[in-house]
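Written below as structure tokens is the structure these notes are about.
The values are calculated or read from the model by the stated rules, or taken from the named source; none is laboratory data. Since the structure is predicted, the reported quantities are computational estimates derived from the model, not experimental observations. When we count neighbours, we look across all protein chains shown, and the Cβ atoms used for this are built from the backbone with ideal geometry, even at glycine.
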Ligand SMILES: Nc1ncnc2c1ncn2[C@@H]1O[C@H](COP(=O)(O)OP(=O)(O)O)[C@@H](O)[C@H]1O
Ligand SMILES: [Mg+2]
């Protein structure tokens, strides 16, 4: 029993060590020539641009439901005028980064794992090696940077669309005063909130590309291996995002 | 010269290579035969450092590569090309880009020379005009030929071919064999081929080696190889009828 637990712990510690080495060497390769600018643009396009639709959709509905919930809570105290700030603060501080990151994990992260995993089991990664090209540099590093930059941009989009979604429901549907919606946002949102949101989204971007690339890169050589790598990547990435969100929030508050 | 000395490799719990001693002569075509799952691909991957042996040494020329990493290993790899068993074409690139890739990345070639070399190579493997297609649109045989083009386009010093003709129709297999032998004679590269094409390989190869139970059981020129007395090997090489060598091959 004790031995089994010990083995399990050791296995996870070893895995974490491998993940850390993977991260550090990918970034190490980033600063060495040749610089793969085109690869990086492609990844930014893949992670960022191609996720915009799903991000806009979820952001809109998140903002709308926040306004709905916020309105009924705030009306009890007769302070519907604060609806704007309630929506904006929850968006910027919490829901924008977390929900956008979860959507990117589901859409781009899983695709990233599958793409790298297929390259592993069809020996395309070995082929890069035989051509004396480091796969971490050619394949992984651009995706890391793509996530690091793409996710914050998507989060910004999420926040804006969400706030407009809240406006749509709060002002157009429930009749909150349009002027007070915006002024309450202006007076309540501080630089510290924005800064926290940015910090969260950058770290979530890193978590997504790190976990999803790692799981793809070490896919076991079979079709089941590929399936489980994708599932594990999405689950692990989501869990790490939520846990890290808690710690980051408790530090930032 | 590639030289493996006492190479042992266990994958998972299964011992695959159990002490391989093999010397691949420079500028010759050496073919490795053996049953499926015997470890031929694993053996080939040891020669280019994709696998590191648990025990033993792998020499490429006068460099011992079994513990090399990073730049020194890459310097050795630059002398090689490898055709993978499944071709291992890059899915995200067209056939043209696949073949151009090692020219740009390995030889740092740029400009119109690249297109000339690529198109010439595609024509030689019978893929003229197919450059714009993507690997997913190709048949297995076409993928093999594209992989062959990608391996040979850089005119390497050593080429490893993992089953270059498996899955091709007999005519195409013959054409690929001719292409490999012609290129090998023209450019004089060292060729190591894994193949199941018995008896053809006895006519093409300078040397034949058989991997059996994780060791090289016989390694000899074809004429000598077919005289081996091991009954299992005899059975393996003569299932399609006895191998009869004539002319140059018999005299060699
Ligand atoms: N990357 C790998 N991980 C684990 N086992 C492997 C790997 N590659 C090959 N093997 C195992 O090694 C043995 C030999 O495989 P291989 O060299 O592909 O045989 P073949 O002679 O048909 O080319 C097989 O049992 C295979 O399952
Ligand atoms: Mg094989």
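Is it the case, given these coordinates, that residue B:96 is buried (at least 17 other Cβ atoms within 10 Å of the Cβ), within 8 Å of chain A (Cβ to nearest Cβ) and on the phi < 0 side of the Ramachandran plot?
Considered against the rule, which asks whether it is buried (at least 17 other Cβ atoms within 10 Å of the Cβ), within 8 Å of chain A (Cβ to nearest Cβ) and on the phi < 0 side of the Ramachandran plot, residue B:96 comes out as no.
If a residue has to be farther than 17 Å from residue B:25 by Cα and either within 16 Å of ligand 1 (Cβ to nearest atom) or within 14 Å of another protein chain (Cβ to nearest Cβ) (or both) to count, how many in segment B:37-75 make the cut?
22
What is the number of the single condition among (1) part of a strand (DSSP E or B); (2) more than 16 Å from ligand 1 (Cβ to nearest atom); (3) within 14 Å of chain A (Cβ to nearest Cβ) that residue B:82 does not meet?
(2)
Based on what the data block shows, is residue B:33 away from ligand 2 (no atom under 14 Å from the Cβ) and either within 14 Å of chain A (Cβ to nearest Cβ) or in contact with a strand residue (DSSP E or B) (Cβ under 9 Å, 6 or more places away or on another chain) (or both)?
Values: away from ligand 2 (no atom under 14 Å from the Cβ): no; either within 14 Å of chain A (Cβ to nearest Cβ) or in contact with a strand residue (DSSP E or B) (Cβ under 9 Å, 6 or more places away or on another chain) (or both): yes.
So residue B:33 fails the test.
Taking the stated definitions as given, is residue B:211 within 16 Å of ligand 2 (Cβ to nearest atom), over 21 Å from residue B:239 (Cα atoms) and in a strand (DSSP E or B)?
In short, no.
Is it the case that segment B:178-191 has a residue that's in contact (Cβ under 8 Å) with a residue 40 or more places away in the chain, within 16 Å of ligand 1 (Cβ to nearest atom) and farther than 16 Å from residue B:99 by Cβ?
No, that holds for no residue.
Evaluate the following for residue B:210: is it at pLDDT below 90, within 16 Å of ligand 1 (Cβ to nearest atom) and touching a strand residue (DSSP E or B) at 6+ places or on another chain (Cβ under 8 Å)?
Values: at pLDDT below 90: no; within 16 Å of ligand 1 (Cβ to nearest atom): yes; touching a strand residue (DSSP E or B) at 6+ places or on another chain (Cβ under 8 Å): yes.
So residue B:210 does not fit the description; no.
Residue B:200 - would you say it is more than 16 Å from ligand 2 (Cβ to nearest atom), without any contact (Cβ under 8 Å) to a residue 12 or more places away in the chain, more than 14 Å from chain A (Cβ to nearest Cβ) and over 28 Å from residue B:15 (Cβ atoms)? Break it down into steps so the answer makes sense when it comes.
On the way: more than 16 Å from ligand 2 (Cβ to nearest atom): yes; without any contact (Cβ under 8 Å) to a residue 12 or more places away in the chain: no; more than 14 Å from chain A (Cβ to nearest Cβ): yes; over 28 Å from residue B:15 (Cβ atoms): yes.
No: the conditions fail for residue B:200.
Search segment B:3-21 for residues being within 16 Å of ligand 2 (Cβ to nearest atom) and more than 14 Å from chain A (Cβ to nearest Cβ), and hand back the single one that is surrounded by the most Cβ atoms within 10 Å (Cβ to Cβ). Walk me through it before giving the result.
Our first condition is that a residue be within 16 Å of ligand 2 (Cβ to nearest atom); within segment B:3-21, this holds for B:9, B:11, B:14, B:16-17, B:20.
Those left that are additionally more than 14 Å from chain A (Cβ to nearest Cβ): B:9, B:17, B:20.
On the way: B:9: 23, B:17: 26, B:20: 24.
Looking at residues that are within 16 Å of ligand 2 (Cβ to nearest atom) and more than 14 Å from chain A (Cβ to nearest Cβ), I get B:17.
It is to be established whether one or more residues within segment B:92-99 are under 19 Å from residue A:123 (Cβ atoms) and within 16 Å of ligand 2 (Cβ to nearest atom).
No.
Quickly run through segment B:143-176 and pick out the residues that are over 19 Å from residue B:47 (Cβ atoms), free of Cβ contacts under 8 Å to residues at least 40 places away in the same chain, away from ligand 2 (no atom under 16 Å from the Cβ) and surrounded by fewer than 21 Cβ atoms within 10 Å (Cβ to Cβ).
Scanning segment B:143-176 gives B:169, B:170, B:171, B:173, B:174.
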